[in-house]
Amino acid sequence: MAIVTTPKKACAVNPLKMSQPIGGAFAFMGLRGAMPLLHGSQGCTSFGLTLFVRHFKEAVPLQTTAMSEVATVLGGYENVEQAILNIYNRAKPEIIGICSTGVTETNGDDVDGYIKLIREQHPQLAKFPLVFVSTPDFKDAFQDGWGKTVACMVEVLVEAPAVGAERDPARVNVLPGCHLTPGDLDELRTILEDFGLKPSFLPDLAGSLDGHIPDEFTPTTIGGIGVDEVAGMGRSSWTIAIGAQMRRAAEAMQAKSGVPFRLFERLCGLIPNDEFIAFLSDISGRPVPAKYRRQRGQLSDAMLDAHFHVGGRRLAIGAEPDLLFDLSSMLHEMGAQVTAAVTTTPSPVLERIGTKEVLIGDLEDLEELARTRNCDLLITHSHGRQAAARLKIPFYRAGFPMFDRIGAGHQLSVGYRGTRDVIFNIANLVIADREENHQPTPDSWRTSRRPLKPGRRSFIDATEGSIA
Amino acid sequence: MSSLSATIQEMFNEPGCAKNANKSDAERKKGCTKQLQPGGAAGGCAFDGAKIALQPFTDVAHLVHGPIACEGNSWDNRGAASSGASIWRTGFTTDMNETDIVFGGEKRLYKAIKEIINKYNPSAIFVYQTCVPAMIGDDINAVCKAASQKLGKPVIPVNSPGFVGPKNLGNKLAGEALLEHVIGTQEPNYTTPYDINLIGEYNLSGELWQVKPLLDELGIRILSCISGDGKYREVASSHRARAAMMVCSKAMINVARKMEERYGIPFFEGSFYGIQDSSDSLREIARLLVERGAPSELIERTEAVIAREEARAWAAIERYKPRFAGKRALLITGGVKSWSVVAALQEAGLELVGTSVKKSTKEDKERIKELMGQDAHMIEDMTPREIYKMLKEAKADIMLSGGKSQFVALKAAMPWLDINQERCHAYMGYVGMVKLVEEIDRALFNPMWEQLRRPVPWEEVAKNRQTKGMAQMDAQAAEVAADPETTRRAKKVCFCKEVDLGTLEDAIRSHGLTSVEAVRQHTNAFGGCCKRRIEDILATMPVSSPPAMLQAAE
């Protein structure tokens, strides 16, 4: 349906996109006892760290190989070696996840080769879990970095099951995209467990960035999925991938361990959740618990109550492809018109978005489109706050980063219940906007024409105005 | 034009820096900061530092030449405040892609500059160099020069790629860019004997405006603030100031010293954090201005303002003193902030159990000693784990630090206050000091802490109950395992009519049954869905003739 275009400008203004390496590092944060390491100069890490801390309001583990100018010229072997040894000795992690950056990709560091050499030089590291992902800053975006990293984790950490080994029929792998919050993961875990299934989330941010208070201070992640559990994911009966970005990881899982997968591109909205729940009922062989019948009813009712406010709205949305597809489709199905859509990176889902054109661009493009096309609802991450203030339209924060509101980690959008919450929140923004900015006045419907002579007034003269 | 490495070397020789003066040539060559340790480093890069130092110029477009990470991950993340223009908060980047890396990014950079001028028409454009274009040899100085000439706008190269060093070095490189390309390029409309420059003040949370009213009242004009709420024209004509105050410790000492050298503007290092420091700074500004020719009555007027403000502030703080008695604070922050905040907290009656001096200069440390006594607990480098332990063991009642270490305190259920750049409150001058004390009080005495520190009541109960329950279950299981009869009776075969294995086996044995149909007749078993299971039981049981006694009875 939609045509995907890229603007021809040289200067990105108010970027929507964030870089690939921090998307990769983010994925490592869903592993227990992990220390993500960016192979680049220390600023690469520092900026990413600040961004995660502002979003989650949590301590975030993220280290750097601290490449200097000289190291960049001579090659980064020593920096990678020292960084791994320092982290190994001081932070005592269970795994170190390494992502390259623009600097170290430009000078062509062969990190896979370095790791081999480091393992030889330091026998204590011979078997230590080290995962390296190539994530140059000058290519792709945040969600690509996440997707690649999870695929890498599967390739390196999942053990191929022995021939003829039995699968655990209750065990299910879940590969969530980076657009899902820790709150979303907890919701999915509850749903799966209600069907008697035992889910393993890779990565599991709900264990590490959900805000729980650990007993001990640790410099690594304070929870998440353990390396041992990841190794055993090959014995599951199914893999559920959420978001098109996870196809690569799901395929890697299937290739490595033969576990079949089902990809759910969306989990926000009535129909996608119907499919999801039906699938769970199918693979578990259990009837749908009464709880979900009730939740489905509640969502239906929320849609009935909200469609008055959401229907007909002209939506401007800027987000990474999977989140863009998920939210815009849900609102499209609620009667909103997706009038401006901007994203960060190519994806197969983009052309199926219910709009004419999807732009791979920045927030300047989104703001401009929203203004010229008279949009009356803006959805993007917190960096859209300046645009929203200038446009003076209701602004719903979605995606990463969300630094100017608290509770980002628990914003729910999956399942019947999550969809219901999103619909309520958006509809309430619209209602508040109407009450604050669009109250009818005696002149709301007055036309600019001169008043007609008495006796000749007719209703036709009043142009239809909008109180909405 | 000197090369980047020459500029950096020159900065390491900075004579204005006391630390440098004590170094040998070899030491000086190595630079000011410890070599960064891979896997153990924290903090920003030189580009970060340069951006921090210059971004508060509000009417300037700040264009970052590099891949998306440098600007995309970091824009609009600082709380500086502007009284007018908002272009400084707009994120501009060339977002270099693979093609640019291969063919060079200079053309894209030039086009980007042109686009910005056409669309936004800012007073000037600052172009920041980052690691990747520096590696591939993009000459931003040349591009900026060409763009300035062709497009008729100041386009200033800020040569501070991240990998040349830490944040602090970036601050200084930003200063060099100002000295080389901006300061002295324009003339102010008029000058007064009361014109000053503030160097290294970023107007975070609008804190400059806590002090500006006092300067206004004294008739002292901030000719240029570098860079908080600054304008390009102001900094370009800042060389006409009579005196300067260096606010943020050594971050921009090169600017202050070179302006003294080139334009004869005397400067002093001061701070507006804390009552005493604010008074000292106002006095020093007045003294320098009078020295440079301002009427001497300025000093009297300044003293009068100081006396009034001090009295007001002390009166406001007085009521907190009894509340703060015996309360201990731990201060984890860098450089200038340590001693200036130490003084402030002591004024409020807090006891300081420690302060970090990681980024402080020797001079900073001397001042801390002066304030806290010889046995001052100065923390060179404290790991988060140690801080956490310290707070958990309640060796301090509140921690004040930057945003990144906040969770160490908060997760230990310990009050914490942000005193770094991301904070939401302004703490400068006399009013700011009172505000800081208010905030500390609010944090210390929030009733929430007591609730969070309480032990969870059900955790103990649950533990007891759980152990009891577990023991019971274990005992039951053992009993079941020991008694085959119970097991036999517990195992249901027919779920519809609830017939257990024991009943079926007994019936089969006692009547010598051999078919499902017969079992159905002798028991309640339905033989529908459990047909297969009954067949299995029949198969496993030896076919035996019924006991003679029963046979006789039949």
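The values are calculated or read from the model by the stated rules, or taken from the named source; none is laboratory data. All values reported here derive from a predicted model rather than from experimental measurement. Every residue, glycine as well, gets a Cβ built from its backbone with ideal geometry; the counts of neighbours run over all protein chains shown.
Test of understanding: among B:157, B:213, which residue is out of contact with any Cys (no Cβ under 8 Å at 6 or more places or on another chain) and more than 14 Å from residue B:49 (Cα to Cα)?
B:213
Would you be able to tell me the number of residues in the stretch B:270-301 that are within 22 Å of residue B:200 (Cβ to Cβ) and either surrounded by 20 or more Cβ atoms within 10 Å (Cβ to Cβ) or of a type outside the set (Asp, Glu) (or both)?
19
Say whether the condition of being of a type in the set (Ser, Thr, Tyr) and within 27 Å of the chain's Cα centre (by Cα) is met by at least one residue in the stretch A:113-124.
no
Among A:300, A:329, which is the only one that is buried (at least 21 other Cβ atoms within 10 Å of the Cβ) and either among the polar types (S, T, N, Q) or out of contact with any strand residue (DSSP E or B) (no Cβ under 6 Å at 6 or more places or on another chain) (or both)?
A:329
Can you tell me which residue is nearest to residue A:96 (Cα to Cα) among those in the stretch A:25-49 that are away from chain B (no Cβ under 12 Å) and touching a strand residue (DSSP E or B) at 6+ places or on another chain (Cβ under 7 Å)?
Looking at the filtered set, the residue picked out is A:34.
Among the candidates A:60, A:70, which residue alone is in a loop (DSSP other than H, G, I, E, B) and either in contact with a His (Cβ under 6 Å, 6 or more places away or on another chain) or at pLDDT below 95 (or both)?
Every option except A:60 fails the conditions.
Kindly establish whether residue B:548 is small (Gly, Ala, Ser) and at pLDDT below 70.
When the stated conditions are applied, residue B:548 passes them.
Tell me, which helices (runs of 4 or more DSSP H) wholly within the stretch B:200-296 include 2 or more residues that are free of Cβ contacts under 8 Å to residues at least 60 places away in the same chain?
Of the helices (runs of 4 or more DSSP H) lying wholly inside the stretch B:200-296, those with at least 2 residues that are free of Cβ contacts under 8 Å to residues at least 60 places away in the same chain span B:212-218, B:253-263, B:275-291.
Given the residues B:479, B:505, B:517, which is the only one that is at pLDDT 75 or above, loosely packed, with under 13 Cβ neighbours inside 10 Å and either within 60 Å of the chain's Cα centre (by Cα) or in a helix (DSSP H, G or I) (or both)?
The conditions single out B:517.
Rundown of residues vs (1) surrounded by 20 or more Cβ atoms within 10 Å (Cβ to Cβ); (2) more than 28 Å from residue A:424 (Cα to Cα), yes/no style:
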position: A:239; (1), (2): yes, yes
position: A:251; (1), (2): no, yes
position: A:258; (1), (2): no, yes
position: A:262; (1), (2): no, yes
position: A:265; (1), (2): yes, no
position: A:269; (1), (2): yes, no
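Kindly state which helices (runs of 4 or more DSSP H) lie completely within the stretch B:68-122 and contain at least 2 residues that are more than 7 Å from every other protein chain (Cβ to nearest Cβ), in contact with a His (Cβ under 6 Å, 6 or more places away or on another chain) and at pLDDT 95 or above.
In the stretch B:68-122, there are no helices (runs of 4 or more DSSP H) which contain 2 or more residues that are more than 7 Å from every other protein chain (Cβ to nearest Cβ), in contact with a His (Cβ under 6 Å, 6 or more places away or on another chain) and at pLDDT 95 or above.
Inspect the stretch B:168-185 for any residue being surrounded by fewer than 19 Cβ atoms within 10 Å (Cβ to Cβ), part of a loop (DSSP other than H, G, I, E, B), of a type in the set (Gly, Ala, Ser) and under 21 Å from the mean Cα position of the chain (by Cα) and give the result as yes or no.
no
For residue B:274, state whether it is over 27 Å from residue B:300 (Cβ atoms) and under 30 Å from the mean Cα position of the chain (by Cα).
no
Just to be sure I understand, how many residues within the stretch A:389-400 are surrounded by fewer than 21 Cβ atoms within 10 Å (Cβ to Cβ) and either part of a helix (DSSP H, G or I) or within 14 Å of chain B (Cβ to nearest Cβ) (or both)?
Of the residues in that region, 3 qualify.
Among the candidates A:181, A:239, A:190, A:218, single out the residue that is in contact with a strand residue (DSSP E or B) (Cβ under 7 Å, 6 or more places away or on another chain) and of a type in the set (Val, Ile, Thr).
A:239
So in the stretch A:53-103, with the set limited to residues that are aromatic (Phe, Trp, Tyr) and either surrounded by fewer than 24 Cβ atoms within 10 Å (Cβ to Cβ) or without any contact (Cβ under 8 Å) to a residue 40 or more places away in the chain (or both), which one is nearest to the other protein chains (Cβ to nearest Cβ)?
Applying the filter and picking the extreme gives A:88.
Do we find a residue being in a helix (DSSP H, G or I), within 13 Å of chain B (Cβ to nearest Cβ) and closer than 19 Å to residue A:35 by Cα anywhere in the stretch A:156-174?
No, the conditions are met nowhere in the stretch A:156-174.
Go through the residues of the stretch A:364-373 one by one and say whether even a single one is within 14 Å of chain B (Cβ to nearest Cβ) and in a strand (DSSP E or B).
no
Report, by residue number, each residue of the stretch B:425-443 that is outside any helix (DSSP H, G or I) and either on the phi > 0 side of the Ramachandran plot or of a type in the set (Ser, Thr, Tyr) (or both).
B:427
In this structure, does residue A:140 turn out to be within 13 Å of chain B (Cβ to nearest Cβ) and of a type in the set (D, E, K, R)?
yes
Residue check, residue A:111 against (1) more than 15 Å from residue A:149 (Cβ to Cβ); (2) touching a His at 6+ places or on another chain (Cβ under 8 Å); (3) surrounded by fewer than 23 Cβ atoms within 10 Å (Cβ to Cβ), all met but one. Which one?
(1)
Looking only at the stretch B:144-155, filter to residues that are among the hydrophobic types (A, V, I, L, M, F, W, C) and surrounded by fewer than 23 Cβ atoms within 10 Å (Cβ to Cβ); which one of those is nearest to residue A:102 (Cα to Cα)?
B:146
What's the number of the only condition in (1) without any contact (Cβ under 8 Å) to a residue 24 or more places away in the chain; (2) among the acidic types (Asp, Glu); (3) touching a helix residue (DSSP H, G or I) at 6+ places or on another chain (Cβ under 9 Å) that residue A:120 fails to meet?
Condition (3) is where residue A:120 drops out.
How many of the residues making up the stretch A:1-20 are touching a strand residue (DSSP E or B) at 6+ places or on another chain (Cβ under 6 Å) and more than 7 Å from chain B (Cβ to nearest Cβ)?
6
In contact with a Lys or Arg (Cβ under 9 Å, 6 or more places away or on another chain), part of a helix (DSSP H, G or I) and more than 7 Å from every other protein chain (Cβ to nearest Cβ): does that describe residue B:125?
The answer is no for residue B:125.
Has the stretch A:271-286 got at least one residue that is basic (Lys, Arg), under 21 Å from residue A:161 (Cα atoms) and touching a residue at least 24 places away in the same chain (Cβ under 8 Å)?
no
A quick yes/no check of all residues on (1) out of contact with any strand residue (DSSP E or B) (no Cβ under 9 Å at 6 or more places or on another chain); (2) at pLDDT 95 or above; (3) of a type in the set (Asp, Glu); (4) farther than 23 Å from residue B:8 by Cα:
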position: B:172; (1), (2), (3), (4): yes, no, no, no
position: B:178; (1), (2), (3), (4): no, yes, no, no
position: B:190; (1), (2), (3), (4): yes, yes, no, yes
position: B:193; (1), (2), (3), (4): yes, yes, no, yes
position: B:207; (1), (2), (3), (4): no, no, yes, yes
